[in-house]
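A.B. asks: Below is one structure. I have some questions about it.
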Amino acid sequence: MVKVTLLAGGVGGAKMAEGLAALDDVDLTIIGNVADDEVFHGLWVSPDIDTVTYTLADLIDRKQGWGVSDDGMRALGILEALGQPIWMTLGDKDLGLHIYRTMRRAQGDRPSQIAHDVARALNIKPRIVLPTDDRVQTRLLTDDGELSFQEYFVREKCVPEVSGLWFEGIGDARPTPEALDVIDRSDLFVIAPSNPLVSIDPILAVPGLQDAIVHTHKPVVAVSPLIAGKTVKGPAAKMMSGLGMEPTALGIARHYQGFVDRLVIDDQDAGFVEAIEALGIAVSATDILMPNAERKAALASQVLEFAA
Ligand code: GDP
Ligand code: CA
């Protein structure tokens, strides 16, 4: 068994998690992102953790990549009638999980314990670990003012230009004992093809967490979220441009330079191999699009081979 720790955001992270979870010889733990968390209607919503959870539980709405399949919007209809903003699409079934999480938090339970219990109750085999139990939230400076990530992504549909980004609360955040423990025992680290700026960075920015990974001296392999200069879905390329980064596989390599020792990029980006190697990062170019279960598992096993 190879003990693999995957750092993952939402949709891109969940695809990689599914691929790795499908392999027999992998003991998988996912360290997820909590910096997209936000309170809606008094309920604590944790979009990235829920996307990974619903995906591994096979409850995910496969067409959207997030939310629960076959869900309804009746509760949101009532909230709208009551004058509440309902831009954050929360289905009726999905709300059940947010009610449960909010109740457990109000009882004083640690967020990471709650995430673990949810995964167990939904019969998920991989462990889902939170990087921190403390409040950390991604904030964006845009030409439309300061926004949370959900406000930018869902309410404003990524239209505003992003010129600044920070993680509120990060200075005081402490890593969870579970995260440090799993890092310590991991044979290999995989950085999912998630948005580096808002999904992976807030995990690595928890004080002590990235150092703990580096100190293991184990391989760290990232998969590029960009293919031919484009995101498969979401604002990663646009945000990278806005923040002065090159929105390509090479830009991803530069961003992770010094931390990641191997990068998996798409065949279409094979022209960047030399430039990435010059950064001291080993490169493998292959098909990194994951449209279905077969391709997810195929990419996961290539990632493992490349790391071996
Ligand atoms: P979010 O939190 O839901 O936005 O999801 P993530 O941050 O985990 O992932 C978003 C990133 O996943 C985007 O930059 C996409 O380009 C990338 N992505 C989505 N599907 C795929 C895929 O099949 N292959 C690769 N390589 N990247 C993907
Ligand atoms: Ca996210």
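A.B. asks: Nearest 10 degrees is fine. How inclined is helix 47-56 to the longest principal axis of the chain, computing both from alpha carbons?
C.D. replies: The answer is roughly 70 degrees.
A.B. asks: I would also like to ask the following. To the nearest 20 debye, what is the magnitude of the charge dipole of segment 1-153 about its Cα centre, counting +1 on the Cβ of each Lys and Arg and -1 on the Cβ of each Asp and Glu? Intermediate results must be reported in sequence, preceding the final value.
C.D. replies: Numbers: 15 positive and 24 negative charges, 93 e Å.
Charge dipole of segment 1-153: 440 debye, to the nearest 20.
A.B. asks: I've got another one for you. Please compute the modelled spin-label separation between ASP144 and GLN113, points set 7 Å along Cα→Cβ, answer in nm with one decimal.
C.D. replies: 3.9 nm
A.B. asks: Something else: What is the calculated FRET efficiency for ALA106 to LYS230, with r their C-beta to C-beta distance and R₀ = 51 Å, to the nearest 0.05? The partial results should precede the final answer.
C.D. replies: Working: r = 42 Å, r/R0 = 0.83.
In this case the efficiency is close to 0.75.
A.B. asks: Quick check on the chain: helices-only [θ] at 222 nm, where DSSP H runs of length 4 and up contribute -39,500 (n - 2.57) each and the sum goes over total residues. Nearest 500, please. It would help to have the intermediate numbers written out before the result.
C.D. replies: Working: 12 runs with 111 residues, N = 308.
-10500 deg cm²/dmol, from helical runs alone.
A.B. asks: What order do you get for MET103, MET1, MET240 when you list them from fewest to most C-beta neighbours inside 10 Å? Write out the running numbers ahead of the final one.
C.D. replies: Values: MET103 13, MET1 9, MET240 23.
Result, fewest neighbours first: MET1, MET103, MET240.
A.B. asks: If you don't mind, there's one more thing I want to ask. Taking neighbour Cβ counts within 10 Å as the exposure measure, how do ARG174, ARG120 sort from fewest upward? Don't skip to the end; give the middle numbers.
C.D. replies: Numbers: ARG174 15, ARG120 12.
Listed from fewest to most nearby Cβ atoms, that is ARG120, ARG174.
A.B. asks: Additional query: Using a Gaussian network model of the chain whose springs link C-alpha atoms within less than 10 Å, name the residue from TRP87, TRP44, TRP166 with the highest mean-square fluctuation.
C.D. replies: The residue that fluctuates most here is TRP87.
A.B. asks: In µm²/s, what is D for the chain at 20 °C and 1.002 mPa s, where D = kT/(6 pi eta Rh) by Stokes-Einstein and Rh is the Kirkwood radius from Cα pairs? Walk me through the intermediate numbers first.
C.D. replies: Numbers: Rh = 19.6 Å.
This corresponds to a translational diffusion coefficient of 110 µm²/s.
A.B. asks: Right, here's the next one. To make sure I understand, if each residue's beta carbon is the centre and we count other beta carbons within 10 Å, what order do TYR152, TYR256, TYR100 fall in, fewest to most? List each step's numbers first, then the result.
C.D. replies: On the way: TYR152 24, TYR256 21, TYR100 16.
Result, fewest neighbours first: TYR100, TYR256, TYR152.
A.B. asks: Excluding residues on the same chain fewer than 8 positions from LYS63, give the lysines whose Cα lies under 28 Å from its Cα.
C.D. replies: Excluding near neighbours in sequence, the set is LYS15, LYS93, LYS125, LYS157, LYS230, LYS233, LYS238, LYS296.
A.B. asks: Please give me, ordered by residue number, the trypsin sites (Lys or Arg not before Pro) of segment 1-70 that lie in loop per DSSP and have at most 16 other Cβ atoms within 10 Å.
C.D. replies: Details: sites: LYS3, LYS15, ARG62, LYS63; in loops: ARG62, LYS63.
Of the trypsin sites (Lys or Arg not before Pro), the ones in loops of segment 1-70 whose Cβ has at most 16 other Cβ atoms within 10 Å are ARG62, LYS63.
A.B. asks: Here's another thing I want to ask about it. Please list, in order along segment 128-138, the HN-Hα scalar couplings obtained from phi with the Karplus expression 6.51 cos²θ - 1.76 cosθ + 1.60 (θ = phi - 60°), rounded to whole Hz, x for Gly and Pro.
C.D. replies: Rounded to whole hertz, the list is 10, 10, 8, x, 8, 9, 8, 7, 10, 9, 5.
A.B. asks: I'd like the distance between the alpha-carbon centres of segment 275-292 and segment 107-148, rounded to an integer number of Å.
C.D. replies: Segment 275-292 and segment 107-148 have Cα centres separated by 29 Å.
A.B. asks: Continuing with the same structure: Dipole of the chain (Lys/Arg Cβ +1, Asp/Glu Cβ -1, origin at the Cα centre): which of THR53, GLY13, VAL26 lies farthest to the positive side?
C.D. replies: The residue sitting farthest along the positive end of the dipole is THR53.
A.B. asks: A further question follows. Of all DSSP beta bridges located in the chain, what percent are antiparallel, nearest 5? Walk me through the numbers before you get to the answer.
C.D. replies: Details: 17 of 41 bridges.
Roughly 40 percent of the beta bridges in the chain run antiparallel, per DSSP.
A.B. asks: What is the calculated FRET efficiency for THR286 to CYS158, with r their C-beta to C-beta distance and R₀ = 25 Å, to the nearest 0.05?
C.D. replies: Working: r = 28 Å, r/R0 = 1.14.
In this case the efficiency is close to 0.30.
A.B. asks: In segment 138-278, what percentage of the DSSP-assigned beta bridges are antiparallel, given to the nearest 5?
C.D. replies: Numbers: 11 of 17 bridges.
So the antiparallel bridges in segment 138-278 amount to around 65 percent.
A.B. asks: Picking from VAL39, VAL198, VAL182, which is most flexible by a Gaussian network model of the chain using Cα springs under 10 Å?
C.D. replies: Greatest mean-square fluctuation among the candidates belongs to VAL39.
A.B. asks: For LYS218 and LYS63, what does the FRET efficiency come to when R0 = 35 Å and r is the distance between their Cβ atoms, rounded to the nearest 0.05? Can you show the working numbers first?
C.D. replies: Working: r = 37 Å, r/R0 = 1.05.
After rounding, the FRET efficiency stands at 0.45.
A.B. asks: Angle, helix 11-21 long axis vs. longest principal axis of the chain, Cα atoms, 0 to 90°, nearest 10?
C.D. replies: Roughly 60 degrees, rounded to the nearest 10.
No value in this document is a laboratory result; all are computed from the given coordinates. These numbers come from a predicted model, not from an experiment. Glycine also receives a Cβ, built like all others from the backbone with ideal geometry; neighbour counts cover every protein chain displayed.
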